[in-house]
Every structure is written in structure tokens, then in C-alpha cells.
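The values are calculated or read from the model by the stated rules, or taken from the named source; none is laboratory data. Worth saying up front: this structure is predicted, and the values here are computed from it rather than measured. Neighbour counts run over all protein chains shown; Cβ positions are idealised from the backbone, glycine included. Only protein heavy atoms, including side chains, enter the accessible area calculation; ligands, DNA and RNA are left aside. Shrake-Rupley method; radii C 1.70, N 1.55, O 1.52, S 1.80 Å.
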Amino acid sequence: MIVGARPETPIRMCTVRRTASCTPQENCDARWLEHTPENVAGTSATAYFFAEYLQKTLNVPVGIIISAYGGTPIEAWMDKKTISEKFPEFNLAFLDADQKPKNLQHQPTTLYNSMVAPVIPYTVKGIIWYQGESNRKREKQYERLQPEFVGMLREQWGIGEIPFYYVQIAPYNYDNPMDNDGAKIREAQMKNLAEIPSSGMAVTLDIGDPDCIHPAKKKEVGHRLAYMALEKNYGFTMIDSYAPVYQSMEVKNGTAYLSFKAGRLGIGTRGRPLEGFEVAGADRIFHPAKAVIRGGNTVEVRCDQVPEPVAVRYAFHNYAEASFINNFGIPASSFRTDDWE
């Protein structure tokens, strides 16, 4: 596909050069590129596949401005005003100090200053966002940061409540595949769906790689972002881009019944049994459980070792494999019914 990229295809890409600054900049190093094999190979794969799917489907020109710096925290992409007013836990004294910290791109405001501020005058249709790993182990803070980040972008662009579609981080081993630091940041991202108006989240629970933090299946990620834009903004009602989201649990006769919010096609499986569900009783010890879909958007979960269920978790580990989807093929996020540490 990259080899066959043709300049006459109306997709244009503009990538901002990676740099960090302690003060907001008016200019950046970037230029618009044609849709050629060489240019496509050097651009963000996720952003490209998003743009390509939209262009083919809508048959209109599509331009993407790519501002990305791998391995950086969300606070680096936020302005000084937002950080200082809303997040006093961040020390911004370095901004005025003569001696700057190493790895400036990891510090609050520095990427906003150099890679966001210069492109704010551009008129945009929406924003896609793929980040989160660098805020792992700070999930409660991330829950607060991401909505403020989106509010800042919308306020500064000044063109209304532009769509914000983001990617939930994919499963990865980190220090231990059975730990749940990664699951907790995925949980924070899922909670942000209710906090950020006009937003959507592309779940990637089924495309993670236990040994690579950057999974290779970028086309699937880009297409899932495009599905949301097409369904929510362009009226393509045959698409069901909504991942199933846990709503409530009821326990009867030793069985937990979980209700989910899903799109019009409802919930399903990949043609095999549901896996990855766990149940705990009052002792807070989780055991593998059997789960089946029982009509509508309800999942029945049972474990013989836990006669009185108190909590249920699904794929709530750093690395997990997805078996629970909507009937359009979009996987459900990992989730838990408890709030235990």
C-alpha cells in the first residue's frame, strides 16, 4: 500500500519536527508533503491509516498535521496556564532557570510550547490522540489531566467542541504481565469517555504485543479512529464503533450478572468462549471464572471457588488477550467492578 502511494491521491501530511522549548513558539520546522511512497513511509502510521480510510470513504481531500514525540507524558503537551492553575503538583521553576533539566521533552509544557502552539492557527476538523504509557503508575492524575488537556486544546483553537478521538493503550508486559499498572491507566482512559464531551476511544486490547510496547497493527488502530469519525461526524450508521462498556453488576444465587452499554449491534465473542474473566469474594482473592452472554447486553459470570461473588474483573492485567467484543468486531476494554488497590 505504501509502495503504491500516488501523488494525485488527495492526502497531504505535515509532520512537526520533534523539539522541546521552555517558552511558547510562533514557528516550527514543518512542511506539507505529497502522498508519495517515501513521504508515507516517514509519517505516523496510525495517523496515515486514519486519513487514508477517511479519504477513500468520503472521497474528499484530507490533510493531517502530525505533532508527536514518543515516550512523553501528557503534561508535556499542556500549556503553562493550565498546568499552573490546575496542577500545582508540577514544579515549573525550571522554565525560568538557567540550568535546564535533561530530557526536556519529559517536562511539563515543553512540547506544547514547541509542537502545539505554532500550529494552533490552523483550522482543523478534529483531533486524534495516542498516548498514555508514560503516565503509567499515575492513573488518578491522568484521569484529571486528559480532560483538562482536551479543554485547553478546544479553548485555544476557538472553533467549538471539535471531536477528540483517542487510543487506549495496548496490553504489554511491562515489569510483570500479571500486574495491573497498565490496566489502571486503561481504566483511567475509559473513565475519561464520560468526562470529555464529543470524544471516543479506540480500544486496542486485541492487538497488544507482550514484548513490544509499540504494537505493529497500526492499520487497525487508524481504522478504529476513522470508524468513530465516520459514525459520529459523517452519519455512517452502518458502523458500530462503540466498544462495550461495563455499566452495573447484580449477584443472584452465586452468579454475577454484568450489564453493558453497547451500540446497536450488541455484544458478542470471536466465535470462542469468553476468557479473561475473574471473580473474587470478600477475601479479595481473584479466581478464573466462566462467562457467557445471556441475551441482550448481559454477561453471566460464575466461579465454583467463589460461591458469593463480590467483584468481577476482565483482562485487568498489564498483558491480556481480548475475547469480548461488540458485533462489529470492536473489543471491550479491560474493566473491573471494584475499586480495590
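Can you say whether TYR242 is in contact (Cβ under 8 Å) with a residue 12 or more places away in the chain, assigned to a loop (DSSP other than H, G, I, E, B) and among the hydroxyl-bearing types (Ser, Thr, Tyr), as far as the supplied structure shows?
Yes.
Checking the condition more than 27 Å from VAL221 (Cβ to Cβ), modelled with pLDDT of 95 or more and in contact with a Pro (Cβ under 9 Å, 6 or more places away or on another chain), which residue from ALA332, ALA282, ALA289 passes?
None of the other options fit; the residue is ALA289.
Just one of (1) in contact with a His (Cβ under 9 Å, 6 or more places away or on another chain); (2) assigned to a helix (DSSP H, G or I) trips up GLY70, so point out which.
That leaves (2) as the condition not met.
If we keep just the residues of the stretch 29-54 that are among the charged types (D, E, K, R) and assigned to a loop (DSSP other than H, G, I, E, B), which is most open to solvent (accessible area, probe 1.4 Å)?
Step by step, filter the stretch 29-54, then rank; the result is ARG31.
Which of the residues that make up the stretch 198-239 are among the hydroxyl-bearing types (Ser, Thr, Tyr), at pLDDT 95 or above and in a loop (DSSP other than H, G, I, E, B)?
Hits for the stretch 198-239 are SER198, THR204.
What residue, among those in the stretch 107-159 that are of a type in the set (Gly, Ala, Ser), assigned to a loop (DSSP other than H, G, I, E, B) and touching a residue at least 24 places away in the same chain (Cβ under 8 Å), is farthest from GLY182 (Cα to Cα)?
Going through the qualifying residues, I end up with GLY126.
State whether the residues of the stretch 172-184 include one that is closer than 24 Å to ASN318 by Cα and touching a Cys at 6+ places or on another chain (Cβ under 9 Å).
Yes; the residues of the stretch 172-184 include at least one that is closer than 24 Å to ASN318 by Cα and touching a Cys at 6+ places or on another chain (Cβ under 9 Å).
Given the residues GLU26, GLU8, GLU89, GLU75, which is the only one that is of a type in the set (Asp, Glu), surrounded by 15 or more Cβ atoms within 10 Å (Cβ to Cβ) and either within 21 Å of the chain's Cα centre (by Cα) or not in a helix (DSSP H, G or I) (or both)?
Answer to the selection: GLU75.
Could you tell me how many of the residues in the stretch 214-238 are farther than 20 Å from TYR48 by Cβ and either β-branched (Val, Ile, Thr) or touching a residue at least 12 places away in the same chain (Cβ under 8 Å) (or both)?
The total comes to 3.
Could you tell me how many of the residues in the stretch 137-168 are open to solvent by less than 50 Å² (accessible area, probe 1.4 Å) and closer than 26 Å to PHE316 by Cβ?
13
In the stretch 64-96, what residues are in contact with a Leu (Cβ under 7 Å, 6 or more places away or on another chain), hydrophobic (A, V, I, L, M, F, W, C) and closer than 25 Å to THR15 by Cβ?
ILE74, ALA76, TRP77
Out of the residues in the stretch 169-223 meeting the condition of being among the basic types (Lys, Arg) and within 16 Å of PRO331 (Cα to Cα), tell me which one is surrounded by the most Cβ atoms within 10 Å (Cβ to Cβ).
Checking each candidate, the answer is ARG186.
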